[in-house]
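*Asks:* Here's a structure for you.
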Amino acid sequence: MHGPICDLPVTFERASLLAGKVEIVREISLEFGSGATTVLLGPNGSGKSTLLRLAMGLAQPTSGRISWGGRAEPGPRLAMMFQRPVMLRRTAASNVAYALLRRDDARVAELLKEAGLSELANRPARRLSGGEQQRLALARALARDPEILFLDEPTASLDPAATKAVEDIVQDVAASGVKIVMATHDIGQARRLAGDIVFMARGRIVERADARTFFDAPATKEAAAFLRGDLVI
Amino acid sequence: MDRRILIGALIAAALSIPAVAQDKSIVVASTTSTMDSGLFGHILPLFKAKTGIDVKVISQGTGQALDTGRRGDADVVFVHAKPQEEKFVADGFGVKRFAVMYNDFIVVGPKTDPAGVKGKDIETALKAIMESQAAFISRGDKSGTHAAELALWKAAGIDVETNPGAWYKAIGQGMGAALNTAGASGGYVLSDRGTWLNFKNKGELAILVEGDKRLFNQYGVILVSPAKHASVKKDLAQQFIDWLVSAEGQKAIAGHRINGHPLFFPNAGVPGV
Amino acid sequence: MLDGASALQLIFSGDRALYAIVALSLYVSVAAVLLAALVALPLGALLALVRFPGRTFVIVVLNAFMGLPPVVMGLAIYLLLSRSGPLGFLGILFTPTAMIIAQALLVMPIIAALTRQTIEDLWAEYREELTALRVSPARRVATLIWDARFSLTTTLLAGFGRAAAEVGTVMIVGGNIEGFTRTMTTAIALETSKGDLPLAMGLGAILITLIIAVNALAWGARRVGEIRAG
């Protein structure tokens with residue numbers, strides 16, 4: 001199960017992504033190493049989702065480069081969960097099984113249990129509630145036994161109860177050794193989950209610090225404004 | 001993927017079933033008048049009972065039937081246009097022409113008879129139709145009936161082939177369709193008696209001109225030449241032709257009647273027809 | 001042989017000739033759709049997912065052929081299969097086999113075009129997830145076709161509807177031979193030309209009922225799909 005290929009650290013070297021004439025992200029240089037949860041924090045449109053997609057290998061930078069564990073191509077043990085996950089038109093259990101390389105009913109049951117979805121195993125996945133679908137997407141992502149799990153605004157459209165359910169699972173996963181990189185614009189969520197913060201605005205990384213330092217004493221004007229609740233334009 | 005292969009195999013099997021099942025059969029290209037009059041429905045079961053041969057009839061206009069024969073897509077042609085049939089044989093597409101039966105043409109039209117043709121001879125009638133600009137429906141499909149119709153107009157000295165006028169409507173279809181059109185538009189039409197007697201939508205139409213010697217309509221049968229197309233089922237087809245002109249076949253033809261009226265008159269062996 | 005008795009009487013009396021005609025119509029059109037699907041489903045999926053050179057041209061041609069008049073297709077196949085034509089040696093002109101092939105060619109474009117649209121729409125929805133899950137191209141195609149199964153069933157039923165309703169193709173390549181290549185539509189054409197309009201209309205009513213039943217099936221398939229898979 002565990003191959004010798006390691007995708008950490010994920011290294012961005014002055015990576016930019018242009019769409020037409022618009023720079024979505026500019027001159028990103030950073031590194032994700034193993035360890036505590038990294039949270040990409042920032043207002044909508046700041047480029048967090050795009051950065052995640054670049055890190056996942058779903059998009060290619062138009063300049064600069066990205067490497068995974070020193071290699072130019074990402075390995076197989078990356079997984080991602082999207083803000084609005086797409087459920088396949090089959091049962092919840094089938095959705096999880098789909099992500100496994102080999103048929104393994106026991107593992108499917110285990111993953112569903114971790115996500116609190118055991119009772120809904122045979123329900124058509126698209127008929128689950130928003131929160132349940134999010135947890136199912138998590139279970140599906142975890143089925144790939146990832147080294148790094150990327151989460152793009154996972155609870156943005158959920159109510160507080162569902163949000164808590166998802167956050168609990170994320171914390172369990174982080175505790176089991178998986179590196180979590182999560183994008184969110186919710187300051188409270190960042191406080192609850194982050195080990196370190198990458199603060200972004202207008203497509204650039206504005207500040208990077210461990211969580212404690214960031215929240216207690218933000219170094220930049222924009223970060224301070226954001227934490228105050230001002231609109232950072 | 002397994003499912004697809006299975007379906008593919010099933011289709012291949014299904015497609016081959018009909019091809020295997022038809023062994024003792026021939027294809028006869030004939031005209032709409034023999035079909036629509038119900039003649040084949042009457043005589044073919046008798047032939048099959050005797051010989052076990054399935055006769056598959058493609059019903060087209062004479063022109064198209066002869067073309068089918070030329071292409072080798074039929075084993076026998078059974079039509080009613082003597083000049084074209086003789087050319088068919090002369091050109092080497094057919095082996096020999098045998099006369100089989102005749103019927104006659106009639107002019108059918110609205111009971112009200114606006115052109116006043118009832119009881120007249122064919123030449124007078126056609127002239128009257130043209131002069132009164134009454135609607136005339138022509139099959140216009142190179143069939144035997146169409147050829148006969150054109151010959152009759154020519155004999156009456158009327159040119160219907162170059163710009164006849166709106167009263168002359170060439171519809172390019174079979175006899176039944178022409179009768180339907182005549183009935184629906186109150187027009188006149190030249191029909192063979194057989195199709196007319198069997199036609200179920202007579203409505204306001206009636207026979208207005210009949211009995212003129214020039215309305216005689218002869219049918220002939222020809223074996224498609226195996227020399228031109230090796231696929232012709234020579235022996236089976238010859239059995240059919242032989243039966244048609246035999247006493248038995250001729251009796252069967254005469255036996256086809258509607259309300260006691262015979263539709264076709266057997267005349268195989270009569271010279272000169 | 002069908003005579004002036006009304007078609008309804010014939011149905012209830014179990015008239016063999018009528019059943020033979022209905023059975024042949026179903027056999028030809030169903031076989032045609034299945035045959036067409038073998039080619040059109042993969043083709044549609046290919047067009048939806050792979051950007052190969054000439055793709056736009058293929059799509060334009062396919063869309064144009066969707067509107068191909070059946071009688072033109074009939075004529076083309078007739079010329080191909082005639083003994084005087086290139087495929088004459090097969091000897092299948094004026095047989096149900098020729099009718100199946102001709103109808104399959106007729107409905108292939110519409111099945112391919114609808115499949116392409118369905119798969120394209122579904123791929124737009126699934127693309128990110130399937131890419132994130134590192135699904136191989138072959139598996140992607142299988143997943144899309146499976147997940148689109150209800151829409152694709154509707155597509156096949158649309159193809160069947162087109163095949164069952166047409167008369168031009170089967171008349172020309174089949175020859176409307178009684179008891180052998182006579183289908184509902186060619187029988188209607190024949191009875192009309194014989195002036196037996198009540199019978200023709202009765203046959204027409206049966207045909208319409210058949211097509212309504214097929215459309216009801218299509219609707220049912222969608223509903224089942226929505227309920228069972230969401």
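The values are calculated or read from the model by the stated rules, or taken from the named source; none is laboratory data. Just so we're clear, the structure is a prediction, and the values are computed from it rather than from any experiment. Cβ coordinates were reconstructed from backbone atoms using ideal geometry, including for glycine residues, and neighbour counts include every protein chain displayed. Keep in mind that these areas ignore ligands, DNA and RNA; they rest on the heavy atoms of the full protein, side chains included. Shrake-Rupley method; radii C 1.70, N 1.55, O 1.52, S 1.80 Å.
*Asks:* Kindly indicate whether C:Gly225 is outside any helix (DSSP H, G or I) and either more than 19 Å from C:Ala164 (Cβ to Cβ) or of a type in the set (A, V, I, L, M, F, W, C) (or both).
*Replies:* No.
*Asks:* I'd like to verify a number: residues in the range B:107-151 that are under 18 Å from B:His80 (Cβ atoms) and open to solvent by 20 Å² or more (accessible area, probe 1.4 Å), how many?
*Replies:* 8
For (1) in contact with a Ser or Thr (Cβ under 7 Å, 6 or more places away or on another chain); (2) under 28 Å from A:Gly45 (Cβ atoms), each residue gets a yes or a no:
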site	(1), (2)
A:Leu101	no, no
A:Leu117	no, no
A:Arg126	no, no
A:Arg144	no, no
A:Ile148	no, yes
A:Leu151	no, yes
A:Leu158	no, yes
A:Thr163	yes, yes
A:Asp168	no, no
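*Asks:* Taking into account only those residues within the range C:110-121 that are within 14 Å of chain A (Cβ to nearest Cβ) and crowded, with 20+ Cβ neighbours inside 10 Å, which is nearest to A:Asp145 (Cα to Cα)? Lay out the reasoning, then the answer.
*Replies:* So the first thing to find is which residues in the range C:110-121 are within 14 Å of chain A (Cβ to nearest Cβ), and the list is C:118-119, C:121.
Then drop every residue that is not crowded, with 20+ Cβ neighbours inside 10 Å, which leaves C:118-119.
Values: C:Thr118: 32, C:Ile119: 29 Å.
Taking the candidates together, the pick is C:Ile119.
*Asks:* Can you tell me which residues in the range B:186-217 are closer than 11 Å to B:Phe105 by Cβ and part of a strand (DSSP E or B)?
*Replies:* B:Val189, B:Leu190, B:Ser191, B:Asp192, B:Ile207, B:Val209, B:Phe216, B:Asn217 - these are the residues of the range B:186-217 that are closer than 11 Å to B:Phe105 by Cβ and part of a strand (DSSP E or B).
*Asks:* Here's another thing I want to ask about it. Go over the candidates C:Gly174, C:Gly161 one by one and state the one that is over 30 Å from B:Ala178 (Cβ atoms) and away from chain A (no Cβ under 13 Å).
*Replies:* C:Gly161
*Asks:* In addition: Does C:Gly54 fit the bill of being open to solvent by less than 60 Å² (accessible area, probe 1.4 Å), at pLDDT 90 or above, of a type outside the set (A, V, I, L, M, F, W, C) and out of contact with any helix residue (DSSP H, G or I) (no Cβ under 8 Å at 6 or more places or on another chain)?
*Replies:* Here the answer is yes, as C:Gly54 does meet what is asked.
*Asks:* Next question. Quick check: anything in the range C:134-152 within 16 Å of the chain's Cα centre (by Cα) and either modelled with pLDDT of 90 or more or within 14 Å of chain B (Cβ to nearest Cβ) (or both)? Full working, then the answer.
*Replies:* Kept after step one, since they are within 16 Å of the chain's Cα centre (by Cα), are these residues of the range C:134-152: C:151-152.
Then keep just the ones that are either modelled with pLDDT of 90 or more or within 14 Å of chain B (Cβ to nearest Cβ) (or both); that gives C:152.
Yes.
*Asks:* Which one is nearest to the other protein chains (Cβ to nearest Cβ), of the residues in the range B:50-84 that are within 14 Å of the chain's Cα centre (by Cα) and under 17 Å from B:Leu244 (Cα atoms)?
*Replies:* Only one residue tops the list, namely B:Val57.
*Asks:* Within the range A:106-126, track down each residue that is more than 10 Å from chain C (Cβ to nearest Cβ), in contact with a helix residue (DSSP H, G or I) (Cβ under 8 Å, 6 or more places away or on another chain) and either hydroxyl-bearing (Ser, Thr, Tyr) or surrounded by fewer than 20 Cβ atoms within 10 Å (Cβ to Cβ) (or both).
*Replies:* If the condition is that a residue be more than 10 Å from chain C (Cβ to nearest Cβ), in contact with a helix residue (DSSP H, G or I) (Cβ under 8 Å, 6 or more places away or on another chain) and either hydroxyl-bearing (Ser, Thr, Tyr) or surrounded by fewer than 20 Cβ atoms within 10 Å (Cβ to Cβ) (or both), then A:Ala109, A:Glu114, A:Gly116, A:Ser118, A:Ala121, A:Asn122 are the ones that fit.
*Asks:* Which of (1) more than 14 Å from every other protein chain (Cβ to nearest Cβ); (2) open to solvent by 70 Å² or more (accessible area, probe 1.4 Å); (3) not in a strand (DSSP E or B) is the odd one out, the single condition B:Gln173 does not satisfy?
*Replies:* All conditions are met except number (1).
Residue-by-condition table, conditions (1) open to solvent by less than 20 Å² (accessible area, probe 1.4 Å); (2) under 14 Å from the mean Cα position of the chain (by Cα); (3) over 15 Å from B:Ile222 (Cα atoms); (4) among the hydrophobic types (A, V, I, L, M, F, W, C):
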position: B:Lys48; (1), (2), (3), (4): no, no, yes, no
position: B:Lys87; (1), (2), (3), (4): no, no, no, no
position: B:Ala90; (1), (2), (3), (4): no, no, no, yes
position: B:Val100; (1), (2), (3), (4): yes, yes, no, yes
position: B:Phe105; (1), (2), (3), (4): yes, yes, yes, yes
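*Asks:* Identify all residues within the range B:182-208 that are under 21 Å from B:Ser143 (Cα atoms), away from chain C (no Cβ under 14 Å) and over 20 Å from the mean Cα position of the chain (by Cα); write none if there are none.
*Replies:* B:Gly187, the sole residue that qualifies.
*Asks:* Another question, then. Within the range A:151-164, identify whether any single residue is under 19 Å from A:Phe12 (Cβ atoms) and buried (at least 20 other Cβ atoms within 10 Å of the Cβ), and answer yes or no.
*Replies:* Within the range A:151-164, one or more residues are under 19 Å from A:Phe12 (Cβ atoms) and buried (at least 20 other Cβ atoms within 10 Å of the Cβ).
*Asks:* From the residues in the range A:131-150 that are outside any loop (DSSP other than H, G, I, E, B) and of a type in the set (Lys, Arg), which one is farthest from the other protein chains (Cβ to nearest Cβ)?
*Replies:* Of everything passing the filter in the range A:131-150, A:Arg135 is farthest from the other protein chains (Cβ to nearest Cβ).
*Asks:* While we're here: In the range A:4-52, which residues are surrounded by fewer than 15 Cβ atoms within 10 Å (Cβ to Cβ) and within 22 Å of A:Asp210 (Cβ to Cβ)?
*Replies:* A:Ser29, A:Glu31, A:Gly33, A:Ser34, A:Gly35
*Asks:* Ok, one more. Is it true that some residue in the range B:146-155 is modelled with pLDDT of 90 or more and either over 25 Å from B:Tyr102 (Cα atoms) or outside any helix (DSSP H, G or I) (or both)?
*Replies:* No.
*Asks:* Taking B:Ile17 as meeting all but one of (1) modelled with pLDDT under 90; (2) under 22 Å from B:Pro266 (Cα atoms), write down the number of the exception.
*Replies:* (2)
*Asks:* If I filter the range C:54-74 for residues that are assigned to a helix (DSSP H, G or I) and within 14 Å of another protein chain (Cβ to nearest Cβ), do I get at least one hit?
*Replies:* Within the range C:54-74, one or more residues are assigned to a helix (DSSP H, G or I) and within 14 Å of another protein chain (Cβ to nearest Cβ).
*Asks:* Can I ask one more? Please pick out the residue among C:Ala164, C:Ala124 that is part of a helix (DSSP H, G or I) and either of a type in the set (S, T, N, Q) or closer than 30 Å to C:Leu79 by Cα (or both).
*Replies:* Checking each option against the conditions leaves just C:Ala164.
*Asks:* Report the residue count in the range A:209-233 for those that are buried (at least 16 other Cβ atoms within 10 Å of the Cβ) and not small (Gly, Ala, Ser).
*Replies:* Here the count works out to 7.
*Asks:* Got a sec? Which of C:Val141, C:Val173, C:Val135, C:Val107 is surrounded by 24 or more Cβ atoms within 10 Å (Cβ to Cβ), over 30 Å from B:Ile26 (Cβ atoms) and either touching a Ser or Thr at 6+ places or on another chain (Cβ under 8 Å) or touching a residue at least 24 places away in the same chain (Cβ under 8 Å) (or both)?
*Replies:* C:Val107 is the lone residue from the list that is surrounded by 24 or more Cβ atoms within 10 Å (Cβ to Cβ), over 30 Å from B:Ile26 (Cβ atoms) and either touching a Ser or Thr at 6+ places or on another chain (Cβ under 8 Å) or touching a residue at least 24 places away in the same chain (Cβ under 8 Å) (or both).
*Asks:* Could you list all residues from the range C:11-51 that are of a type outside the set (Gly, Ala, Ser), open to solvent by less than 50 Å² (accessible area, probe 1.4 Å) and more than 24 Å from C:Ala158 (Cα to Cα)?
*Replies:* Across the range C:11-51, the qualifying residues are C:Ile11, C:Asp15, C:Leu18.
*Asks:* Select from the range B:224-258 the residues that are open to solvent by 60 Å² or more (accessible area, probe 1.4 Å) and more than 26 Å from B:Lys87 (Cα to Cα) and list them in ascending order.
*Replies:* B:Ala247, B:Glu248, B:Lys251, B:Arg257
*Asks:* Criterion first (within 14 Å of chain B (Cβ to nearest Cβ) and without any contact (Cβ under 8 Å) to a residue 24 or more places away in the chain) does C:Leu43 satisfy it?
*Replies:* In short, no.
*Asks:* For the subset of the range B:62-79 comprising residues that are open to solvent by less than 10 Å² (accessible area, probe 1.4 Å) and outside any strand (DSSP E or B), which member is nearest to B:Ala147 (Cα to Cα)?
*Replies:* It comes out as B:Thr62.
*Asks:* Here's something else I'd like to know. Which ones in the range C:71-89 are closer than 13 Å to C:Val170 by Cα, open to solvent by 20 Å² or more (accessible area, probe 1.4 Å) and touching a Gly at 6+ places or on another chain (Cβ under 6 Å)?
*Replies:* Result: C:Val71, single match.
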